[in-house]
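Note sheet for the following structure.
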Amino acid sequence: MRIVYFSTSEMGPVHQSGHYPDAMTEDDYLYDPAIVQRLDFSKCLVKFNPQISAAYPGPGMRVRPLKASDYDRGFVRLLGQLTDIGEISRDAFFRRFAEMKKCPNTYFVTVIEDTVTSNYASSIIGAATLVIEQKFIHGCAMRGRLEDVVVNDTYRGRQLGKLIVATIIMLAREFSCYKISLDCKDRLIPFYQSLGFALEPGNANSMTMRLPRSSL
Ligand code: 16G
């Protein structure tokens, strides 16, 4: 364990200390940011008007992998707009980040950062995750799962929900997933349909068993 102090200029006005697992710093990305930059949105089936992409998301916006220091940029609070987030301490967040990072080509937690806002503590304004599952079926294929899609309510109307989902779809293509699936609330079905997801006839059920927390 070592302590890294948040003191670089990029860190903005928040100066806090955090315990990072060995060899991890606040500037660590969960995965290689060059992957997001090179996604070829000319091949993207989701259409934008005006045209934006992961590399050019609009003035002041940046699409990139999650960083450990996004804890201080409001990432966890943003997830609270999606569901119950419970208690997530800094240490618990860093530990989970490190555990995900140890699984190469599996967890692609991707965020949209407002790089010009004066509200540093809420500068992560969108997020979505691609989880890649390695299968035996379909010739040892990869399956993508779209998870934890959320865009800050106050940033509506800038195509950012579309953009973060399109980024995940392009990542799934980059890693040769044969399909990508998601669970969502009924009211969001039209949104995901508009982006190319389909309720497959005879195969459109998602089932859940909620387990007691003590068994986790
Ligand atoms: C939605 C999310 C899912 C998230 C879940 C949380 C998308 C596409 N789906 O189904 O990723 O984990 O909500 O709900 O973002 P829960 O707290 O009831 O598990």
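What follows is calculated from the coordinates using simple rules that are stated; it is not laboratory data. In this text the structure is predicted, and so the values were computed from the model without any measurement. Neighbour counts run over all protein chains shown; Cβ positions are idealised from the backbone, glycine included.
Considering each of 147, 200 in turn, give the residue that is among the acidic types (Asp, Glu) and over 16 Å from the mean Cα position of the chain (by Cα). Write out each step before concluding.
Details: 147 fails: over 16 Å from the mean Cα position of the chain (by Cα).
After ruling out the rest, the residue left standing is 200.
Mind checking whether some residue in segment 64-80 is polar (S, T, N, Q) and either farther than 21 Å from residue 146 by Cβ or in contact with a Gly (Cβ under 7 Å, 6 or more places away or on another chain) (or both)?
At the first step, the residues of segment 64-80 found to be polar (S, T, N, Q) are 69.
Among the residues that remain, those that are also either farther than 21 Å from residue 146 by Cβ or in contact with a Gly (Cβ under 7 Å, 6 or more places away or on another chain) (or both) are: 69.
Checked against the condition, which is being polar (S, T, N, Q) and either farther than 21 Å from residue 146 by Cβ or in contact with a Gly (Cβ under 7 Å, 6 or more places away or on another chain) (or both), segment 64-80 yields at least one hit.
Among the candidates 81, 51, single out the residue that is touching a strand residue (DSSP E or B) at 6+ places or on another chain (Cβ under 6 Å) and not basic (Lys, Arg). Outline the logic, then answer.
Details: 51 fails: touching a strand residue (DSSP E or B) at 6+ places or on another chain (Cβ under 6 Å).
Checking each option against the conditions leaves just 81.
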